Structures are given as C-alpha cells and as structure tokens.
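Contents: one structure, followed by commentary.
Values in this text are rule-based calculations from the coordinates and carry no lab data. For clarity, every value in this text was computed on a predicted model and none was experimentally measured. Cβ placement follows ideal geometry from the backbone for every residue including glycine, while neighbour counts extend to all protein chains displayed.
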Amino acid sequence: MPKKPEENAEMSPAPAPAEPDTLVLASETMAGDIRDFILDRLKHEHQPLPWNMRGEEDQKDTIARVASAVTALVRKAVQAIAADGRKVIKARLAQVTVKDGIKGVVEVMQSDPLRHQLIDATGLDILLVVSDASVFEGTRGDVPIDPDQKGLGIGDEYQDEAA
C-alpha cells in the first residue's frame, strides 16, 4: 500500500484570517473617521464668511489641513486592510542587506503594545505585509482657490480659445 505523502508544514496554506470582514471593518472605520473630521471642522472652524469670500491664504490653509487629515485617514484604512484582521506592529523598514539572503532591520515604537510579542518571536518565522498607502493618495487635481485680486475680465473671451 503506498504511503501518503507527509504534509510539509512550510507548504501548507496559512490559516484564514479571523473574522470580521476586513473591508467592511475598514470602510466603517474610515467612514467614522471622516465623519469625525468633518464634525470637528464644523465645530471649531469659526468662519463667518463663505468659501468664495475667504482670502486666498485662508483657503490654502483650509485645503492643507483637509489634505493632511485625508492622507492620515487613507493611511489608516490601508493599514487596516493590509492587516486583514491580524495583530500587526507598525514599523519602518530602516535597512535591507542582500548578501547570502535578504536581511531587514525594522524600527518599532517602544510604546507599541505588541513589542513584547515581537521580541518573543526572535528566531521564529513571522509574516511581513507591505502596505503602501501612497498608491491611494492621488488627487483629481488641485483645489481651485479664489484669488484675492480678481481679474478685470478683459480679454477673457480669448483665453478659452487659447486653451
């Protein structure tokens, strides 16, 4: 009778990630974060003037704060999706050496709640997931800013033809 091939532990698939559905969780989290950001802006930005009556610098400042918050929210969502329900330690890849294999040096915050598990995993196999939020940080274009000094409108009819 032929023997069954022994299953190699390294060849067996990784166990399925724990529930809940990562995409649902990430979208709910991101929706809540965006809601909180907008509510915070409404509560704390005391702007008596509508957008088109604000100064150019005020518009630029608001755009910069919104862009910064959105970038942080997208990074958070990408990290949640990449984690896929697993416990993760946020780290920065500080160095990679390619010689007789590939060795990487990661930097972790000393306050990370999972730092002790990382230390205990020394010598064991770990799973590295690369999450690059920059892929999702593009924009459709610059936000139009109303200049402080409006044009006189002279020659505007020729501008459309030149463009």
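Descending by average beta-carbon neighbour count within 10 Å, the peptides 99-110, 66-77, 82-93 line up as 66-77, 82-93, 99-110, the highest first.
For region 87-129, the relative contact order is 33 percent, taking Cα pairs closer than 8 Å that sit 6 or more residues apart in sequence and dividing their mean separation by the residue count.
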